[in-house]
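First the structure, in the form of structure tokens, and then the observations on it.
The values are calculated or read from the model by the stated rules, or taken from the named source; none is laboratory data. Since the model is a prediction, treat every value here as computed from it, not as a measurement. A quick note on method: Cβ atoms are made from the backbone with ideal geometry, for glycine too, and the neighbour counts reach across all protein chains shown. These area figures cover heavy atoms from the full protein model, side chains too; ligands, DNA and RNA do not enter into them. Shrake-Rupley method; radii C 1.70, N 1.55, O 1.52, S 1.80 Å.
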Amino acid sequence: MKHNQSSLPNLLDMNASEIEALGTPLGWPRYRTTQVLKWLYQKGVSHISEMTNLSKDDRDRLQGVATISRMACSVSEMAGDGTGKFLGKLDDGLAVETVMIPEGHRRTVCVSSQVGCTLDCGFCLTAQIGFRRNLSPHEIVDQVWHARKSLGQGEAITSLVFMGMGEPLLNFEAVAEAIQRLTNAEWGMVMSPRRITVSTAGWVPRFQDIQRLGVNLAISLNATTNHQRQLLMPAVNKRFDLMQIMEASRAYAKRSDRRLTFEYVLIARVNDSVEDAKRLVKLLRGIRCKINLIPFNEFSGSSYQRPSQEVIEVFQQTVRNGGYDVYLRRSRGVDVLGACGQLGRMASEAAHIVPKGLRKGSANARS
Ligand code: SAH
């Protein structure tokens, strides 16, 4: 368990049973644990002294054995289209990025699960900064808190996607505990698991675990042949190739009442041909799913390009003709680098990390 400066354990680092265990020597009845959890996750207090339905005595005793240390956050940038990007400051000086995407009445929050990423997908900016560390459950939940606090009267978060920095299935335990705190209806943030989507580059052994949590699964397919996938997403494809992913997806879809989502980043002249679209249709045959096309978001240091609008539309139409619901993801927040695959630059600058592709001497180094 992590200890903060005061050397007392942080209540936010504990799960419900650990908080209950803390109360045992204090002679607490069980409902007191629920009271404390409600203060933490429904009221969002930062000090034990604010837990006013606990007696002064109980608060003092709790302060003797624990503290609350929340992630600090700054609303960092707002894009022209209303997309907000938040920078969370972690205890160890690292930083993490969260994006809020407004669309009509909808408010989607895109959270990070790791600082950096262990995978090496060539089209993703986060991969460039390398892997720093896993986020803890409360560092994930606090991102949602800060996003929620930025909302105006009458606004609410309508969906939550694990599509920020990192590979959530490689930090599964923390992601699962965060989801528990976000969804618990008794003392948590009371979000519906149906409105939560976890996106994976294809870490097959965890698909079933995600299903058990009752949340949605999105798989970033991005390729229609194994060769193509190996070029685009080498680290994950080496472990679980395209065929293994399709097999696991079929098994998942059979067991689930929920539609799977496949994401497909469209990169000019790499995976955007009509043949690719037709292969995609074949590959997904028999799987109840929808497809999100994400036109590649360009960033300096990458030689990949976004396809023309015409190519994008032909690809979409071809897949649609194959009988699938296929959506085009608009690139939101591009002017603040808040769009898919663009997270990482601000976080790495805050922590003085230089992304791999941008190191001095590299062909594309910024001046
Ligand atoms: N590791 C997880 C979640 C983070 S990426 C995953 O791979 O799903 C979230 C989505 O952004 C993925 O579908 C990924 O393929 C896509 N993406 C990454 N870089 C991108 C870029 N530069 N342009 C468009 N989409 C990108």
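Some notes on this structure:
- Paramagnetic reach from S46 (point 7 Å along Cα→Cβ, amide N under 20 Å) across segment 133-153: 136-152
- Highest-fluctuation residue, A248, A147, A201 considered, GNM on the chain with Cα pairs under 10 Å: A248
- For the chain, with +1 on Lys and Arg beta carbons and -1 on Asp and Glu, the positive-most of G188, L151, I291 along the dipole: I291
- For segment 5-63: rounded, prolate or oblate by the Cα gyration tensor [a/c cutoff 1.5]: rounded
- On Cα atoms only, tilt of 172-183 relative to the major axis of the chain in degrees: 70 degrees
- Percent carbon-and-sulfur accessible area, segment 23-157, ignoring ligands, DNA and RNA, probe 1.4 Å: 50 percent
- When shorter helices are ignored and each DSSP H run of at least 4 residues is given -39500 (n - 2.57), the per-residue value for the chain at 222 nm works out to -9000 deg cm²/dmol.
- For segment 119-226, a crude dipole built from +1 on the beta carbon of Lys and Arg and -1 on the beta carbon of Asp and Glu, taken about the Cα centre, is about 140 debye to the nearest 20.
- Positive-end residue of A268, Q317, I129, charge dipole of the chain with Cβ unit charges: Q317
- Across segment 190-195, coupling constants 3J(HN,Hα) worked out from phi with the 6.51/-1.76/1.60 Karplus curve, θ = phi - 60°, read 6, 8, 7, x, 5, 9 Hz, and Gly and Pro carry x.
- Prolate/oblate/rounded call for segment 28-185, Cα gyration tensor, a/c under 1.5 rounded: prolate
- Distance between the C-alpha centres of segment 241-296 and segment 161-228: 17 Å, rounded to the whole angstrom.
- Between R255 and R30, the FRET efficiency from the beta-carbon distance, with R0 = 25 Å, is close to 0.10.
- Taking each residue as 0.36 nm, the span from T225 to D81 lengthens on full extension beyond its C-alpha to C-alpha distance by 48.3 nm.
- Fluctuation leader among Y324, Y31, Y252 - the chain, Gaussian network, Cα springs under 10 angstrom: Y31
- Label-point separation, E186 to E18 (7 Å along Cα→Cβ), nm: 1.9 nm
- Cut-off 17 Å, label 7 Å out along Cα→Cβ of K290, residues of segment 147-163 by amide N: 158-163
- Anisotropy class of the chain from Cα gyration tensor, a/c 1.5 cut: prolate
- Gaussian network model of the chain, Cα within-10 Å springs - most flexible of N222, N184, N297: N184
- Phi angles of segment 253-261 translate, via the Karplus equation with coefficients 6.51, -1.76, 1.60 and θ = phi - 60°, into HN-Hα couplings of 4, 5, 7, 9, 8, 9, 6, 6, 10 Hz per residue; Gly and Pro are given as x.
- Overall, the chain carries a charge dipole of about 680 debye about its Cα centre when +1 sits on the Cβ of Lys and Arg and -1 on the Cβ of Asp and Glu, all other atoms neutral.
- For segment 219-268, the solvent-accessible area of protein heavy atoms averages 41 Å² per residue (probe radius 1.4 Å; ligands and nucleic acids excluded).
- Using 0.36 nm per residue and subtracting the Cα-Cα separation, the extra length available between S308 and K238 on full extension is 22.1 nm.
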